[in-house]
Every structure is written in structure tokens, then in C-alpha cells.
1. Exactly one condition in (1) surrounded by 14 or more Cβ atoms within 10 Å (Cβ to Cβ); (2) modelled with pLDDT of 90 or more; (3) under 22 Å from the mean Cα position of the chain (by Cα) is false for residue 97; which is it?
2. Just checking, which of 115, 127, 154 is of a type in the set (Gly, Ala, Ser) and more than 24 Å from residue 27 (Cβ to Cβ)?
3. Please specify each residue of the range 59-82 satisfying the condition of being open to solvent by 10 Å² or more (accessible area, probe 1.4 Å) and in a strand (DSSP E or B).
4. I need the full set of residues from the range 152-177 which are aliphatic (A, V, I, L, M) and touching a Ser or Thr at 6+ places or on another chain (Cβ under 9 Å), in order please.
5. Could you list, in sequence order, the residues of the range 96-135 that are among the polar types (S, T, N, Q) and touching a helix residue (DSSP H, G or I) at 6+ places or on another chain (Cβ under 7 Å)?
6. Tell me the residue from 120, 153 that is closer than 27 Å to residue 33 by Cα, over 15 Å from the mean Cα position of the chain (by Cα) and of a type outside the set (Asp, Glu), please.
7. Here are the criteria: (1) modelled with pLDDT under 95; (2) in contact with a helix residue (DSSP H, G or I) (Cβ under 6 Å, 6 or more places away or on another chain). Tell me which single one residue 138 does not satisfy.
Amino acid sequence: LLDETQSIGWSAFGEPYAGRIRPTEIDHRLLQRWKESCMKDHGGTCDQTFMTHRVRVLRFVDVVERRIVERSPDKVTWVALSYCWGGPQDHSLQTANLDRYQQPGSLADDILPRGILDAMTLTQALGERYIWVDSLCIVQDDDKDKLKFIAAMGTIYANAIVTIINSANTHVVHAVPGVSSPRRPQAVHRMKDFWLVEALDLPHQSWQ
């Protein structure tokens, strides 16, 4: 059943309560469809986001040139990443590495944790170039910089074209399931003339 059903066409079955087949690797076409649907069907509503804290320039990770860049938020679109740090971040932006991280190619695979690398992969798959990641877009040892941009985080997330929420992991060193490492396959069982598919949302308590 998993081999025969493509996730991109699953919604075409027209059965609102049918279980969704999830491939072990994320189907980037499905993510792109979600984004396009969001922009088409209620983009006007999202565009009216209330700006509680406006900043003239933001730092972003340029996933094409692999470096930190500064851009006006009025002139570019961006993806935001929501994730758990899970402890100190050796890769984080500091006063000492700010200039270096602004050089093309500086954000190499051996510097960044897998969770951020996977988010960068998803950003490109969504047709976007910039992603906002707090550990890389706020100078962590500069109190003035932190005060300025932490206060703007609500606006940054609210105005991102997409937010990637890595809710599967408690540490950024772990991969986003389905991107660089496969997700656990769903269990499927046939009972007479119908199929049962394991739910994607697991119980919150073990006894459930």
C-alpha cells in the first residue's frame, strides 16, 4: 500500500477521514503544494499581519551562497525555523565569527548541526533562498544585538512565508525526520476488504 500510493495525490481520493500515507522520505512536491495553496487561498489574510516590532534590516542564512546576509524584510521573503537548541550551540553567531560567516561558503556542512542543515534543504525545496535561524541571525554574545532582535521575533515569525517547526527532536543535532534520514515507516494492516494505517499523531501518554 505504501509503495503504490503517492503522497502528492493522496488528497485526490476525496475521503476526508481516510488515513494519510506518509512516505519515509518527505515529498517536497507536497510541501510546495501546501505553500502555494496557503498563498492562493488566504495569502491576503496573512499579509495583514500586525507588525508589533519593525526592524529595517534582518540577518538571514542564504542557503544558496551558504552565508549570513543582511536584507531589508520589505524586499525579500524568508522561511523561519522553530526548534529546540538542546544545549550550547558551537555554531552560533558570535562577534568573533560574524565577518567569517558572511563569506560565501562559510556555513559548511561540518559547521552546522543536522537539524539546521535539513531546514536549509527544505528552504530550497520550497523555492526560497533565505531562512531565519535565531542562533545564526542574532549575535549571541552581543547584549545590544540580542535585545534588538529578540524583541522582533514575533514579527519575524509572523511575516515569514513559511515556518518550519521541528517538533520531532529535542536537540538541533538530530536530523529532521524524512529529510536527510528516513522516517519510521507506518504500520499497515489489511482486515478483510479494508486497510488500517497507523496514525501519524502518537498518543501524548504511554497508557493511551
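The values are calculated or read from the model by the stated rules, or taken from the named source; none is laboratory data. What you see is a predicted model; the values in this text were computed from it and never measured. Every residue, glycine as well, gets a Cβ built from its backbone with ideal geometry; the counts of neighbours run over all protein chains shown. When the accessible area is computed, the model is the full protein with side chains, heavy atoms only, and any ligands, DNA or RNA have been set aside. Shrake-Rupley method; radii C 1.70, N 1.55, O 1.52, S 1.80 Å.
1. The one condition residue 97 does not meet is (3).
2. Working: 115 fails: more than 24 Å from residue 27 (Cβ to Cβ); 127 fails: more than 24 Å from residue 27 (Cβ to Cβ).
Only one candidate passes the filter, namely 154.
3. Listed by number, the residues that qualify are 59, 67, 70, 71, 82.
4. Within the range 152-177, 152, 158, 160, 161, 162, 164, 165, 172, 175, 176 qualify.
5. Step one: of the range 96-135, the residues among the polar types (S, T, N, Q) are 97, 102-103, 106, 121, 123-124, 135.
Matches in the range 96-135: 106 only.
6. On the way: 120 fails: over 15 Å from the mean Cα position of the chain (by Cα).
Of 120, 153, the one residue that is closer than 27 Å to residue 33 by Cα, over 15 Å from the mean Cα position of the chain (by Cα) and of a type outside the set (Asp, Glu) is 153.
7. Answer for residue 138: the failing condition is (1).
Residue by residue, here is whether (1) open to solvent by less than 50 Å² (accessible area, probe 1.4 Å); (2) free of Cβ contacts under 8 Å to residues at least 60 places away in the same chain holds:
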position	(1), (2)
84	no, no
89	yes, no
108	yes, yes
116	yes, yes
127	no, no
144	no, yes
165	no, no
179	yes, no
184	no, no
